[in-house]
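Please read the structure below before turning to the comments.
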Amino acid sequence: MKIALVCDWLVTLGGAEKVVKEILTCFPDADVFSVVDFIADDKRDFLHGKKTKTTFIQKLPFAKKKYRAYLPLMPLAIEQFDLSSYDIVISSSHAVAKGVITGPDQLHISYVHSPMRYAWDLQHQYLRETGLDKKSRGWLARYFLHKLRQWDFRSAAGVDHFIANSNYIARRIEKTYRREAEVIHPPVDIAKFTPRKDKEDFYLTASRLVPYKKIDLIVESFKDMPDKRLIVIGDGPEMAKVKSKAGSNVTLLGYQPDEVMIDHLQRANAFIFAAEEDFGILPLEAQACGTPVIAYGKGGALETVRGATAEKLNSEDSDPKLLSFFRSTPKTGVFFPEQSVKAIQRAIETFEAHRSLFTVENCVNHAKQFAPENFRQKLKLFIASKMQ
């Protein structure tokens, strides 16, 4: 069986690239296609040494740094791949990869990290954050996103079976394309992390500093908690805003290599996660280090963290039977119900009051469910079932 693996773009090593790595581990003879590929030679191990076939956008001016600016051309570009000789096409898609053209005798399975959020439910937020919501360019951007939605919906008809990376994304696929999706959580390299029991007296958050990650909100939450310490790892366009809200008990480390990130994940009292993510791998990496998570209770965090709300924990304090039942069910974190300073502060206070519930063993055992071997087994079984 000839297999083609189609990606949106290969530029940095993120969650989508980890999925690509595991798909290629399952199907080492697959050929790889991508709109662009600018992965450095010394970071291509995840591609198993394969040379990627790219589109005409690869050679356009400034494409290496400004590839996103060519988004209007990407639907056209992805449709130019000739995949007619392949029996199975697997697309790893958060933008346009699922739009490749296949025939009636080909099996097209699309692993969707997310429908294009900036074209669908987050359009208005995207326009505001990019400054494209004003004057004539705002109308132009809205028209383009309107046409992109039409293409995105139409191209979904060319997919035989969808796989979603979370139940949250499965619901978004159903809402956007009116299609059902199997859920196979993305792989987390559990073996890369070693749990540590002797935690230190600081909280950790880490992310690219962009608006929807809400790092500024986490930093602001610590202003009124001078006895608590926060360390922030990451860099990005929101750095100035985050700095302006940081008190003396907040340390901003900027971008750090993997070994520094892992060291802090191992030592932190808890990891704080305030974004509404499609899945979110960092909370699982924290748990693989034996570190519990304090997270916004929406989106993928509801699947990656085995948590309870601060309200539920606090209410159980007055009911011994409920608290006994809760203690018998392993938990790995606390959820806060809204993205606000007060909600984060209350969740931290609740976490400290119930710290003994969130053991290293609970965190590690939960993270193990997302190991790469589990992903590979589920993916191969799913594809085999659709070939019958």
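The values are calculated or read from the model by the stated rules, or taken from the named source; none is laboratory data. Just so it is clear, the model here is predicted, and its values are computed rather than measured. Quick reminder, even Gly has a Cβ in these numbers, built from the backbone with ideal geometry, and neighbours come from all protein chains shown.
Would you point out the residue of the range 234-279, among those that are among the β-branched types (Val, Ile, Thr) and out of contact with any helix residue (DSSP H, G or I) (no Cβ under 6 Å at 6 or more places or on another chain), that is farthest from residue 291 (Cα to Cα)?
Applying the filter and picking the extreme gives 251.
If we scan the range 139-150, do we find a residue that is surrounded by fewer than 21 Cβ atoms within 10 Å (Cβ to Cβ) and either in a loop (DSSP other than H, G, I, E, B) or within 18 Å of the chain's Cα centre (by Cα) (or both)?
no
Before we move on, is residue 370 crowded, with 20+ Cβ neighbours inside 10 Å, in a loop (DSSP other than H, G, I, E, B), touching a Ser or Thr at 6+ places or on another chain (Cβ under 8 Å) and not hydroxyl-bearing (Ser, Thr, Tyr)?
Here the answer is yes, as residue 370 does meet what is asked.
Just give me the residues in the range 177-207 being assigned to a strand (DSSP E or B) and either farther than 21 Å from residue 95 by Cα or polar (S, T, N, Q) (or both), in sequence order.
Hits for the range 177-207 are 203, 204, 205, 206.
Quick check, is residue 160 out of contact with any Pro (no Cβ under 7 Å at 6 or more places or on another chain), more than 30 Å from residue 83 (Cβ to Cβ) and surrounded by fewer than 17 Cβ atoms within 10 Å (Cβ to Cβ)?
For residue 160, the condition - out of contact with any Pro (no Cβ under 7 Å at 6 or more places or on another chain), more than 30 Å from residue 83 (Cβ to Cβ) and surrounded by fewer than 17 Cβ atoms within 10 Å (Cβ to Cβ) - is not met.
For the range 24-46, how many residues meet the condition of being within 26 Å of residue 300 (Cβ to Cβ), modelled with pLDDT of 95 or more and out of contact with any strand residue (DSSP E or B) (no Cβ under 6 Å at 6 or more places or on another chain)?
Of the residues in that region, 4 qualify.
Test of understanding: among 84, 136, 114, which residue is among the small types (Gly, Ala, Ser) and crowded, with 19+ Cβ neighbours inside 10 Å?
114
I need a count of the residues in the range 12-50 that are crowded, with 16+ Cβ neighbours inside 10 Å and small (Gly, Ala, Ser).
4
So if I check each of 192, 228, which one is under 18 Å from residue 334 (Cα atoms) and of a type in the set (D, E, K, R)?
Sole residue among the options that is under 18 Å from residue 334 (Cα atoms) and of a type in the set (D, E, K, R): 228.
Give just the number: which of (1) touching a helix residue (DSSP H, G or I) at 6+ places or on another chain (Cβ under 8 Å); (2) assigned by TED's automatic domain parsing to the domain that holds residue 18 does residue 195 not satisfy?
Residue 195 satisfies all of (1) touching a helix residue (DSSP H, G or I) at 6+ places or on another chain (Cβ under 8 Å); (2) assigned by TED's automatic domain parsing to the domain that holds residue 18 except (2).
Output the strands (runs of 3 or more DSSP E) that fall wholly within the range 208-310 and possess 2 or more residues being within 16 Å of the chain's Cα centre (by Cα) and not assigned by TED's automatic domain parsing to the domain that holds residue 112, or say none.
Here the list reads 270-273, 293-296.
For the range 191-224, how many residues are surrounded by 21 or more Cβ atoms within 10 Å (Cβ to Cβ) and β-branched (Val, Ile, Thr)?
Total satisfying the criteria: 4.
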